[in-house]
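Notes follow once the structure below has been shown.
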Amino acid sequence: MPQSFRPGQWALITGASSGFGRDFATLLAEQRVNLILTARRTEVMEADAKSLMQEHGIQVHVLPADLSRSEAREDLFRAITALGAQVDILINNAGFGVFGPYAETEWSRLDQMLQLDIVALSHLSSLVLPGMRARSEGYILQVASVGAYQATPGYAAYSAAKAYVLLMGEALNRELKGTGVRVTVLSPGVTATEFLQVSGQQPTLYQKLFMMKSRPVARLGLQALLRGKMSVVPGILNNVMVQLLRLTPRFLQANIAGLLMRNRS
Ligand SMILES: NC(=O)c1ccc[n+]([C@@H]2O[C@H](COP(=O)([O-])OP(=O)(O)OC[C@H]3O[C@@H](n4cnc5c(N)ncnc54)[C@H](OP(=O)(O)O)[C@@H]3O)[C@@H](O)[C@H]2O)c1
């Protein structure tokens, strides 16, 4: 079992302008993996690309894209091919949540979230898998959430989208067993990134107490991917919570998740 990725391999990291995406970029650069960084905001990615190239002697390309659009995903892959690169490692990380009562949320925002969190992740997997199968080697990390493990009032569509990511990724892991292609689902709990700011939620007491740093979470995801693990939940408390959920009736799961997400002021 490899302990690290091979220097010179290429990784495509989505959501590379912030949060986990930037940590995935640094951690892979430390293993001398070449990078393709994508997200919509270019400034941070350009600055990171410059310093990672200087520090690690790797190649880094920044290809901005709004991944919620199907044509943008096709264009991204044409651009990667034009660079003479191939995707050996796909970090399917770009995503966001929308917090608030579903009935009061604008459809356009939910639509964009579902396009990104579900459709883009599935489309990108579909675009890289034929090449990975042909080479009998490849790695895909699907970033889900602990929210995937139970219905979550306040994040109804987001937690359901992440349940899709979890189940799809775990099934792919099994489908691809023995092919040399590894698929792992990383399900973080609340982590210090721009996530809550984007979702529009004030951190609750539970979230403040459980908040993890993003670099160790990203590292754990990459280690699990190298090992070909089906799924990984970072942090002891998150793991305990996921295990306890298995023993809890479904109606209670949703009630508890709703209480934990409720802001008290
Ligand atoms: N932090 C947490 O508590 C937490 C917990 C569980 C799961 N997650 C998951 O972790 C993943 C990474 O999120 P994060 O926590 O690192 O949050 P973040 O700091 O907000 O990063 C999200 C990334 O997604 C990119 N993105 C958003 N919309 C996009 C679009 N339309 N096209 C392309 N890229 C887009 C953003 O870049 P641009 O805005 O520049 O496009 C940004 O780079 C997400 O899938 C999230 O659901 C996070």
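Read-outs throughout are calculated quantities, based only on the coordinates presented, and are distinct from any laboratory measurement. This is a predicted model, so every value here is computed, not measured. Glycine also receives a Cβ, built like all others from the backbone with ideal geometry; neighbour counts cover every protein chain displayed.
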For the stretch 10-261, how many pairs of lysine residues have a Cα-Cα distance under 22 Å, where the two are 8 or more positions apart or belong to different chains?
5
Do you know the relative contact order of the chain, to the nearest whole percent, from alpha carbon pairs under 8 angstrom that are 6+ apart?
19 percent
Ordered by residue, what ³J(HN,Hα) values in Hz, to whole numbers, does the stretch 20-36 give under the Karplus form 6.51 cos²θ - 1.76 cosθ + 1.60, where θ = phi - 60° and Gly and Pro are x?
3, x, 5, 5, 4, 4, 5, 5, 6, 4, 4, 9, 6, 8, 6, 10, 10
Can you give the charge dipole size of the chain about its Cα centre, rounded to the nearest 20 debye, using +1 on the beta carbon of Lys and Arg and -1 on the beta carbon of Asp and Glu?
800 debye
Gaussian network model of the chain, springs between alpha carbon atoms under 10 Å - residue of R32, R41, R182 with greatest fluctuation:
R41
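Highest first, please rank the peptides 15-27, 164-176, 211-223 by the mean number of other Cβ atoms sitting within 10 Å of their residues.
Highest to lowest by the protection proxy: 15-27, 211-223, 164-176.
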For helix 43-56, report the angle its Cα long axis makes with the longest principal axis of the Cα atoms of the chain; keep it between 0 and 90° and round to the nearest 10°.
50 degrees
For A94, distant residues with modelled amide H under 5 Å away
T14, G15
Nearest 10 degrees is fine. How inclined is helix 250-261 to the longest principal axis of the chain, computing both from alpha carbons?
80 degrees
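For the stretch 10-261, what Kirkwood radius comes out of the mean inverse Cα-Cα distance, in Å?
It is 18.4 Å.
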In order through the stretch 214-220: 3J(HN,Hα) via Karplus (6.51 cos²θ - 1.76 cosθ + 1.60), integer Hz, x for Gly, Pro
7, 4, x, 5, 5, 4, 4
